[in-house]
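To start, the structure itself, in structure tokens.
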Amino acid sequence: MKFSTATITIEGIAPLRFSKRHDAPKLTGESADAYDARTVMEKAHWSEDGSTLVIPATMMKAAIAGAASYTGEKIAGKGNRTWTGKFKAGTAIMQDIETDVPRSEVRTVSLYCDAQGGKGGKGGKSVLRRFPQANRWSATFEIWVMDPEITETKVRQMLDVAGMFGGLGTWAPRVGGMNGRFVVKKLLWKDNREFEPVTARSTAPKVTAPVDKAA
């Protein structure tokens, strides 16, 4: 099977903040606030050795598919079919995306949030919560494009939309926030790559969090 690849370099134009769920054990007698302060960096996504901030492959894939949905653009000659299904099934990001942000540059941001995790804080109790955030970030990653109808131009279009109107991480534009916006700095397209089973590749995918936990 032949497919195309797009090697993309993106640069953040807004902070990248995470709020990943974690199961770090609580110390005996530790208060909820002390636990939150001690484990704040557990809310971020890290490389295997814990030294570098990463973006889950599932998160980026969802952002690109979300961009296709956001545009609502129909595929010429295919009736009411849009590009959403094409980008969901016809593309793949095979491993988590390592950023250029070392652990030492990730800062803690403290915010008052709804105690029950609700949105808007309408009538609910607010508590202090802490989140890991990178103010400056960039990354390079590869997208496999199996669907022949998805062109270089279309990939670039959806990445541009994802970066401006979807974003990545917590409090991103897709939920009315400002974080996680990015721009595409470079895109290198290669056609007619030979498919290799993932298990045979030196770049076999790392374990990624489920989509609903990638925040």
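The values are calculated or read from the model by the stated rules, or taken from the named source; none is laboratory data. Being a predicted model, the structure only gives us computed values, none of them experimental. Cβ atoms come from the backbone with ideal geometry, glycine included; neighbour counts cover every protein chain shown. Surface accessibility is based on the protein's heavy atoms, side chains included, excluding ligands, DNA and RNA. Shrake-Rupley method; radii C 1.70, N 1.55, O 1.52, S 1.80 Å.
With charges only on Cβ, +1 for K and R and -1 for D and E, what is the dipole size of the chain about its Cα centre, in debye, rounded to 20?
Numbers: 32 positive and 23 negative charges, 132 e Å.
Around 640 debye, computed over the chain.
Of interest is the spacing of the C-alpha centroids, which for segment 129-189 and segment 42-67 amounts to 11 Å.
From helices alone, the chain scores -5000 deg cm²/dmol at 222 nm; the rule is -39500 (n - 2.57) for each run of n ≥ 4 DSSP H residues, then divide by the residue total. Relative to the longest principal axis of the Cα atoms of the chain, the long axis of helix 57-71 makes an angle of roughly 70 degrees.
Please work out the average accessible area per residue across segment 17-85, using the 1.4 Å probe convention, and give it in Å². Walk me through the intermediate numbers first.
On the way: 3550 Å² over 69 residues.
Accessible surface, normalised per residue, equals 52 Å².
Determine, for each peptide in 173-179, 144-150, the mean count of other beta carbons within 10 angstrom over its residues, then list the peptides with the highest first. It would help to have the intermediate numbers written out before the result.
Numbers: 173-179: 14.7, 144-150: 16.3.
By packing density, highest mean first, the sequence is 144-150, 173-179.
Using a probe radius of 1.4 angstrom, the carbon and sulfur fraction of the accessible surface of the chain is 52%. Could you tell me how many degrees, from 0 to 90 and to the nearest 10, lie between the Cα long axis of helix 152-161 and the main elongation axis, the longest principal axis, of the Cα atoms of the chain? Here the helix axis deviates by roughly 20 degrees. Projecting the Cα atoms of 6, 97, 37 onto the dipole axis of segment 4-138, where Lys and Arg carry +1 and Asp and Glu carry -1 at the beta carbon, places 6 farthest toward the positive end.
Positive contributions from Lys and Arg (+1) and negative ones from Asp and Glu (-1), summed over other residues with Cβ under 10 Å from the Cβ of residue 68, come out at +2. Our summary gives the chain a relative contact order of 38 percent, counting only alpha carbon pairs under 8 angstrom and 6 or more residues apart.
Taking every protein chain into account, the 1.4 Å probe leaves residue 74 with about 110 Å² of accessible area, to the nearest ten. Of the residues 43, 86, 26, the one that moves most in a GNM of the chain with alpha-carbon contacts below 10 Å is 26.
Largest first, the three principal axis extents of the alpha carbons in segment 1-95 are 64, 29, 27 Å in whole numbers.
Can you give the extra length, in nm with one decimal, that the chain gains between residue 136 and residue 80 once fully stretched, where that is 0.36 nm per residue apart less the Cα-Cα distance?
Values: separation 56, 0.36 × 56 = 20.16 nm, distance 4.00 nm.
Stretched fully, the residue 136-residue 80 segment lengthens by 16.2 nm.
The convex hull of the Cα atoms of the chain, projected and averaged over all directions, covers 13.8 nm².
Lys and Arg at +1, Asp and Glu at -1: add these up for the other residues within a Cβ distance under 12 Å of residue 183 and post the number.
Details: positive: 156, 181, 185, 186; negative: 11, 160.
Residues near residue 183 contribute +2 overall.
What is segment 51-167 by shape, rounded, prolate or oblate, if you read a ≥ b ≥ c off the alpha carbon gyration tensor as root eigenvalues and call it rounded for a/c under 1.5, prolate for a/b larger than b/c, and oblate otherwise? It is oblate, given that a/c is not under 1.5 and a/b is not larger than b/c. In this structure, the pairs whose alpha-carbon distance is over 19 Å, taken from 154/185; 78/190; 20/61; 86/185, are 78/190; 86/185.
Net charge near residue 161, counting Lys/Arg +1 and Asp/Glu -1 over other residues with Cβ under 12 Å of its Cβ? Intermediate results must be reported in sequence, preceding the final value.
Working: positive: 154, 156, 174, 181; negative: 73, 160.
So the environment of residue 161 carries a net charge of +2.
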